[in-house]
Amino acid sequence: MPTGRAEELGAQVISAEEYEDVLNWFYDFQKTTDMQLKATCAPHYHRILRQRAKEDGIPVNFENFGLDAVSRGCLGGVGFCFISHRGQVQPCGYLELDCGNVLETPFPELWRNTQHFRNLRNPEVYEGKCGHCEYERVCGGCRARAQTMKGNYLEEEPLCSYQPKKQPRK
């Protein structure tokens, strides 16, 4: 994840195609073990899982895929957030957006009303291909990578090679 102290390593990040290959390998590897595996900070794995399961004729349910079947890729600002020891709130540990401070504002108010959180929960404001991808609800793209690599957390996931079938919104 090229954020924080690793932000300067951006040039060493694997390509979108290599990332796709790794996530497909992960899908295949999961079939070989009883261990519960999780592709952390790889939201488009949830797309790949659904594509491959459909090809394999396997229902995407908890029995077959555990939590990956009932969860979403990027949960930052959607299903969880990060609160620092100083009360500072941000969508995730990798996405340093100021979402307020719980020492000044009650957390439920920040969670409901902070514009960054509202944007993260509204795919209508996502830009690029993430803004019209049919897998947005299960993927969401990595907002931290979009911020670091594209300069805007609402931009498209820079390490996803998938081209959505849906047409862009007008």
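The values are calculated or read from the model by the stated rules, or taken from the named source; none is laboratory data. All figures in this text were calculated on a predicted structure; none of them were measured in a lab. Because the Cβ atoms are built from the backbone with ideal geometry, glycine has one as well, and the counts that use them run over all protein chains shown. Accessible surface areas use protein heavy atoms only, side chains included; no ligands, DNA or RNA. Shrake-Rupley method; radii C 1.70, N 1.55, O 1.52, S 1.80 Å.
CYS41 contributes about 50 Å² of solvent-accessible surface, heavy atoms of the protein only, 1.4 Å probe.
Based on the Cβ-Cβ distance of ALA16 and GLN88, what FRET efficiency does E = 1/(1 + (r/R0)^6) give at R0 = 41 Å, to the nearest 0.05?
Working: r = 32 Å, r/R0 = 0.78.
So the FRET efficiency works out to roughly 0.80.
For LYS31 and LYS166, what is the calculated FRET efficiency with R₀ set at 25 Å and r taken between the beta-carbons, to the nearest 0.05? The formula returns an efficiency of 0.30 here.
Accessible surface area normalised per residue over the stretch 64-137 is 55 Å², counting heavy atoms of protein chains with a 1.4 Å rolling probe.
Using Cβ point charges alone (K and R +1, D and E -1), the dipole size of the chain about the Cα centre works out to roughly 540 debye. Alpha-carbon geometry of the stretch 27-72: the Rg and the Dmax are 9.8, 26 Å, given in that order.
Roughly speaking, to the nearest percent, how much of the chain's 1.4 Å accessible area is carbon and sulfur?
Roughly 51 percent of what the probe reaches on the chain is carbon or sulfur.
Between 0 and 90 degrees, the angle of helix 16-30 with respect to the longest Cα principal axis of the chain falls at about 70 degrees.
Put simply, the Cα atoms of the stretch 91-170 extend 44, 23, 21 Å along their principal axes, the longest span coming first. Relative to the longest principal axis of the Cα atoms of the chain, the long axis of helix 45-56 makes an angle of roughly 20 degrees.
Panel values: the chain, Kirkwood radius from alpha carbon pairs, Stokes-Einstein at 37 °C and 0.692 mPa s, translational diffusion coefficient 194 µm²/s. Between LEU103 and PHE62, the modelled labels are 4.0 nm apart [label points 7 Å from Cα along Cα→Cβ].
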